[in-house]
Amino acid sequence: MRIPELRIGQLSAKLPIVQGGMGVRVSLSSLASAVANQGGIGTISCIGLGNIEGSAEVCERTSLEALINEIRKARRMTDGHIAVNFMGVLSNVDDLIRASVQEGIKLIVFGAGLPTRLPTLVPDPGVNLVPIVSSARVAELILRTWDRRYERIADALILEGPLAGGHLGFSAEQLEHPEDYSLEKLLPEVLETIKPYEDKHGKKIPVITAGGIYTGKDIARMLSLGASGVQMGTRFVCTKECGVSPQFKQAYLDAKEEDIVIIKSPVGMPGRAINNQFLKDLEVKGKLKISCPYRCLTACKVETARYCIALALLNSYFGDVDNGLIFCGQNAHRVNEITTVTDLIQELLRELEDA
Ligand SMILES: Cc1cc2nc3c(=O)[nH]c(=O)nc-3n(C[C@H](O)[C@H](O)[C@H](O)COP(=O)(O)O)c2cc1C
């Protein structure tokens, strides 16, 4: 099989593989640039980069500085394609987006919230806007709104299914029946929904599927169904280039299928994580004491939240996994070695060619 390029707007990535944005601090410049150097698209996550011990002002200022630093570091390490992933619920999301564009980022990936105002924030058509959606309904809502208000459409869509890691765009009830929302079912619906917009604007909207894609054979299946590329997260965590603590990676290596659970996040969305000591203790304690001077997430109800998600994810990043949350995709239990981005991509390409 000839491996197709992934074209988004004026950009063309040699490989149809996107490394998904992973917070907190899971996908930074080192991982993103390694993927970009292989010909894929590497994504820096801008979540939780700030100093959460200070005030809101300190948290927001330091997160902005850290993001700019990560973008510049990535630029020094690669000439390839680098995206930045944003969550709509971040309190300073607008500032982070503006700074990324100023730093020359050409791929803005937006999830966890509707990107209704994104085209006003980023009017330059040379910067590609890539919303994350979980259904044809949301894809249509975004495209219709952008078409009517701004005469613009998305430059690509990431369609994230129910097997993905981190926060999920499905209800807890829907996640009990992931087969009803499989990418195989969602993708044709999304492709049909976007068609009239593609025709009207005379432009293809590439759809990149995400969630549970694990092997080159999975990639081949997605491409054969009409996806223009795939986004993968879980498989990139246990690479040398991913900067999380060894304890975080070990939790992936140790995880069994039954250890992977759906949690209710303080962000107000379900998420997928490893059922570790932190989650077991939380079950007993009910709620942890939170001190929150910074309000990093607009959607977080600090008064009723059971824990501070920024702190819990940071703890795991730094290695204190017993006091931390470990996000993962449904297939994390299949990960059984630490590899390099080069070896992982080579393996995926071999399998893709065989398929
Ligand atoms: C540890 C972890 C953290 C993640 N954090 C984010 C995030 O901050 N924002 C986001 O849009 N997606 C996030 N994701 C989702 C990934 O970008 C990707 O779409 C998803 O994991 C794909 O499914 P897979 O893990 O089965 O490959 C996260 C995934 C993981 C595993």
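Here K264 does not qualify as closer than 30 Å to Q38 by Cβ and open to solvent by 10 Å² or more (accessible area, probe 1.4 Å).
Could you identify the single residue in A210, A220 that is closer than 16 Å to N331 by Cβ and open to solvent by less than 40 Å² (accessible area, probe 1.4 Å)? Exactly one residue qualifies, and that residue is A210. The set of residues in segment 39-57 that are farther than 16 Å from I213 by Cβ and within 19 Å of the chain's Cα centre (by Cα) comprises G39, G42, I44, S45, C46, I47, G48, L49, G50. For Q102, the conditions (1) open to solvent by 30 Å² or more (accessible area, probe 1.4 Å); (2) within 30 Å of P4 (Cα to Cα) all hold with the exception of (2). Exactly one residue out of T209, T193 is part of a strand (DSSP E or B) and in the same structural domain as R350 (by TED's automatic domain parsing): that is T209.
S91 falls short on exactly one of the conditions (1) modelled with pLDDT under 95; (2) under 29 Å from K217 (Cα atoms); (3) of a type in the set (S, T, Y), and that condition is (2).
Looking at this structure, is V24 among the aliphatic types (A, V, I, L, M), closer than 30 Å to D147 by Cβ, within 16 Å of the ligand (Cβ to nearest atom) and not assigned by TED's automatic domain parsing to the domain that holds C292? Here the answer is no, as V24 does not meet what is asked. When R235 is tested against (1) within 21 Å of the chain's Cα centre (by Cα); (2) open to solvent by 50 Å² or more (accessible area, probe 1.4 Å); (3) within 17 Å of S27 (Cα to Cα), only condition (2) is not met. Being assigned to a loop (DSSP other than H, G, I, E, B), away from the ligand (no atom under 14 Å from the Cβ) and either among the acidic types (D, E) or open to solvent by 30 Å² or more (accessible area, probe 1.4 Å) (or both): is that true of E198 here? The answer is no for E198. Remark: pairs (first residue in segment 20-45, in a strand (DSSP E or B); second residue open to solvent by 10 Å² or more (accessible area, probe 1.4 Å) and charged (D, E, K, R); Cβ separation under 8 Å; 6+ apart in sequence or on different chains) = I44/E70; S45/R25. The set of residues in segment 48-65 being open to solvent by less than 30 Å² (accessible area, probe 1.4 Å) and either touching a Lys or Arg at 6+ places or on another chain (Cβ under 8 Å) or not assigned by TED's automatic domain parsing to the domain that holds D343 (or both) consists of G48, L49, G50. Please work out if P178 is surrounded by fewer than 23 Cβ atoms within 10 Å (Cβ to Cβ) and within 15 Å of the ligand (Cβ to nearest atom). Taking the combined requirement at face value, the residue satisfies it.
Of the residues making up segment 178-190, those that are within 18 Å of D218 (Cβ to Cβ), in contact (Cβ under 8 Å) with a residue 12 or more places away in the chain and assigned to a helix (DSSP H, G or I) are P178, Y181, L183, E184, L186, L187, P188, V190. In segment 111-160, the residue that is nearest to the ligand (Cβ to nearest atom) out of those that are touching a strand residue (DSSP E or B) at 6+ places or on another chain (Cβ under 6 Å) and among the charged types (D, E, K, R) is E160. With respect to being within 15 Å of the ligand (Cβ to nearest atom) and either part of a helix (DSSP H, G or I) or of a type in the set (V, I, T) (or both), L348 fits the description.
The values are calculated or read from the model by the stated rules, or taken from the named source; none is laboratory data. Only a predicted model underlies this, so the values are computations on that prediction, with no experimental measurement involved. Positions of Cβ are backbone-derived with ideal geometry, glycine not excepted, and every protein chain shown enters the neighbour counts. When the accessible area is computed, the model is the full protein with side chains, heavy atoms only, and any ligands, DNA or RNA have been set aside. Shrake-Rupley method; radii C 1.70, N 1.55, O 1.52, S 1.80 Å.
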